[in-house]
Amino acid sequence: GAGVSQSPRYKVAKRGQDVALRCDPISGHVSLFWYQQALGQGPEFLTYFQNEAQLDKSGLPSDRFFAERPEGSVSTLKIQRTQQEDSAVYLCASSTRRGMDYGYTFGSGTRLTVV
Amino acid sequence: QQQVKQSPQSLIVQKGGISIINCAYENTAFDYFPWYQQFPGKGPALLIAIRPDVSEKKEGRFTISFNKSAKQFSLHIMDSQPGDSATYFCAASPHMDSNYQLIWGAGTKLIIKP
C-alpha cells in the first residue's frame, strides 16, 4: 500500500494481558517511530528505529514495553502485563530519510483499551 | 524546557474567516517547527513546517509566522473552510542528527462553521 499500515485498528485487552501491535511502514522508509497518544493530547515519543537498529528507546514508559524491527521493515510494539494507564492510541510513523526533516507519514494508529 | 505550549485548546471560526493557533517554546535548541493536522480516527499529517531562519512561510491558505526572539510561532488558516475542521498540533525539535524527537503541543480542535 501507499501508506503506513497499522494493525489491529482496535484492541481491547484485559488488565495483565500481553498485546502486540504491528506497523507496516512505507516500503523503503529507513526511519520508523512509535508514538503514544492519550485522549485529547499530542503524541509522545516512544522509540525510534533506523533500519533494524533501535537507536532510541528513551520514551518507552516501562520495561513492560518492547519494540522490534528485525528485518528493517515491519515493526512490532509489544506491551506485557497491560495496565489501565496503557490505554491510548499507538501511532507508528515512517520517514524516507533519517530523522524527520521531510515529515513523518503516520499510520491511523491502534487504539488500545485496557479493561 | 522540553514543553511546547499550544493555545487555544479549541476554536470555532466562521467559514471564510481566519483561524489562528499559537504555540510557544522554551528550548532555544529547537530549530524545526512543523504543524500537523489530524482528522478523527486518522494519524497526524504534516501540514507545513518552518525553520527559524525565516519569519514566515506560506503554502496556499496556510501560513506559519515565526518570532524567534519571543520563542513563539503560529499557524494562520486563511479563508477557513468546513473541511479544515480538525485537530491541529504544533511541534518542535532540535535539528541534530542525534535528536529527532518531536515535542508536541496538546492540540487545538478547530471547528469551521458553515
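Mind checking which residues of the stretch A:55-75 are part of a strand (DSSP E or B) and either loosely packed, with under 14 Cβ neighbours inside 10 Å or at pLDDT below 95 (or both)?
The first filter runs over the stretch A:55-75 and keeps only residues part of a strand (DSSP E or B), leaving A:55-56, A:65-68, A:75.
Result: A:L55, A:D56.
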Worksheet item: In the stretch A:91-104, is there at least one residue being more than 13 Å from chain B (Cβ to nearest Cβ), crowded, with 21+ Cβ neighbours inside 10 Å and assigned to a loop (DSSP other than H, G, I, E, B)?
Response: no
Worksheet item: Is there a residue being under 19 Å from B:S7 (Cα atoms), touching a residue at least 12 places away in the same chain (Cβ under 8 Å), part of a loop (DSSP other than H, G, I, E, B) and open to solvent by 40 Å² or more (accessible area, probe 1.4 Å) anywhere in the stretch B:52-65?
Response: no
Worksheet item: Which condition number in (1) modelled with pLDDT of 95 or more; (2) under 26 Å from B:Y88 (Cα atoms) is the one that A:G103 fails?
Response: (1)
Response to the item:
Across (1) within 14 Å of chain B (Cβ to nearest Cβ); (2) β-branched (V, I, T); (3) farther than 30 Å from B:P52 by Cα, A:V115 clears everything bar (1)
Worksheet, complete the sentence: Within the stretch A:25-47, the count of residues that are more than 9 Å from chain B (Cβ to nearest Cβ), crowded, with 21+ Cβ neighbours inside 10 Å and outside any strand (DSSP E or B) comes to 1
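The values are calculated or read from the model by the stated rules, or taken from the named source; none is laboratory data. The structure presented is a predicted model; accordingly, all values stated were derived computationally and were not measured. Cβ coordinates were reconstructed from backbone atoms using ideal geometry, including for glycine residues, and neighbour counts include every protein chain displayed. We work out accessible area using only protein heavy atoms, side chains counted, and drop any ligands, DNA or RNA first. Shrake-Rupley method; radii C 1.70, N 1.55, O 1.52, S 1.80 Å.
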